[in-house]
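Since the structure comes first, as structure tokens, the remarks are kept for the end.
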């Protein structure tokens, strides 16, 4: 029987295989020890079956390593990776065909499938969902360590977590809301009402809306409706229609301010439980609901890996007057007509890419450089910003009259993705 081991700190990761990847590394990053598993070289190809783990991996900047995903990993920004079937019973032959080093799974993975994978020399990591902010930070660092090494990867994971939190703080501070409001998130588990209680990641997420969690003094997820009646939240987020029906048919809840004022918003459990790139989309959605006239600045956090994701945050919007809005819309429309960003699935506003970054934005930039002739070998379109890419960026900058720094700042990227960008002569 294969031994199951777990990492300390509330079992953030449980490992379902005990053989490391073959090979040897010449730097300080590998080998990496995770519990009693040794990963000897940097994983190149990974398959992610858990949508929650995939969300964190994308936020750290390692989604470029994904050669396959489960059907449950249905985030738009990860759709480029081919499906290998369900998280419970994926296609083992497909996973093997992609020369997979590691499969990131959850506890739904069928035991027989797990055995077939481990017997085939593929490391299977069973990643438990973090519940607290401490566990979440550990998950970021641990996943970074596995995918990028004990030094660089761990730092990348830590930096990505810090940038995620900093971005949420920025979004909270945008509103400058001096009026104290209360909010809660409700869902059903069987016929019992549950909430995001104190000390959880969800409680933290609600805090970044600028409102106070109505369940801040509740220590477990199941909540008495009478407690909610006393808290009388200004806003209610609910998981699904069944939860909303329960609220409207409960005598303690039907008279709540949020219900009377129609301040309710559906936010699915999936949106709440994905703690990476999706979490910023979710926070943006909630804050747009709470503050419909908010002025949004660019909230794309940059890390050593570039941005958390090009898909994570809305473009900057300014709503100071009807005239200003109309002018901005006209300018945006004109810019879009002269830009090929959508073709390459990238947003360059506020984005900077530099040496050693590794993410989908880098890959999009490389593809554009290849199309324009600055990168001559398609094999260099990898998502990793190395010396070849740096040289290509410098050549484009020189051809475009931009300072030859080798770093793709916002000015360089804007010029690069214009429809009339300078091709290599």
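Every read-out reported here was derived from the displayed coordinates using simple, explicitly stated rules and does not represent laboratory data. Given the structure is predicted, the values throughout are model-derived calculations rather than measurements. Positions of Cβ are backbone-derived with ideal geometry, glycine not excepted, and every protein chain shown enters the neighbour counts.
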Q.
Taking every pair of distinct Cα atoms and averaging 1/r, then inverting, what Kirkwood hydrodynamic radius in Å comes out for region 89-230?
A. 18.2
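Once R0 is set to 45 Å, what does the formula 1/(1 + (r/R0)^6) return for the Cβ-Cβ distance between residue 387 and residue 226, expressed as a FRET efficiency to the nearest 0.05? If you can, show how the numbers build up before the last one.
Values: r = 65 Å, r/R0 = 1.44.
Efficiency, from the Cβ-Cβ distance: 0.10.
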Q: When a/c is below 1.5 the answer is rounded, else prolate if a/b is larger than b/c, else oblate, so apply that to region 90-140 with a ≥ b ≥ c taken from the square roots of the Cα gyration tensor eigenvalues.
A: prolate
Q: Just rank 187, 62, fewest to most, by other beta-carbon atoms within 10 angstrom.
A: 187, 62
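Subtract the Cα-Cα distance of residue 166 and residue 424 from 0.36 nm times their separation in residues, and report this length gain in nm to one decimal. Provide the component values of the computation, followed by the final result.
Values: separation 258, 0.36 × 258 = 92.88 nm, distance 3.91 nm.
Taking residue 166 through residue 424 to full extension adds about 89.0 nm, to one decimal.
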Q. Points 7 angstrom from Cα along the Cβ direction at residue 241 and residue 107: gap in nanometres?
A. 3.1
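Between residue 219 and residue 119, how high is the FRET efficiency from 1/(1 + (r/R0)^6) when r is the Cβ-Cβ distance and R₀ = 56 Å? Nearest 0.05.
It comes to 0.80.
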(Q) For a Förster distance of 25 Å, can you work out the FRET efficiency between the beta-carbons of residue 97 and residue 36, rounded to the nearest 0.05? (A) 0.30
**Q.** Rounded, prolate or oblate (a/c below 1.5 giving rounded, otherwise prolate when a/b exceeds b/c) for region 114-188 by Cα gyration tensor
**A.** oblate
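To one decimal place, what Kirkwood hydrodynamic radius in Å is obtained for region 182-290 from all pairs of distinct Cα atoms?
On the way: mean 1/r = 0.0735 Å⁻¹.
Taking the inverse mean of 1/r over all distinct Cα pairs, region 182-290 comes out at 13.6 Å.
Dividing the Cα convex hull volume of region 330-416 by residue count, how many Å³ per residue is that?
Numbers: hull volume 7.6 nm³, N = 87.
Hull volume normalised by residue count: 88 Å³.
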Q: Give, to the nearest whole percent, the P(r) tail of region 5-159 beyond 23 angstrom, counting all Cα pairs.
A: 28
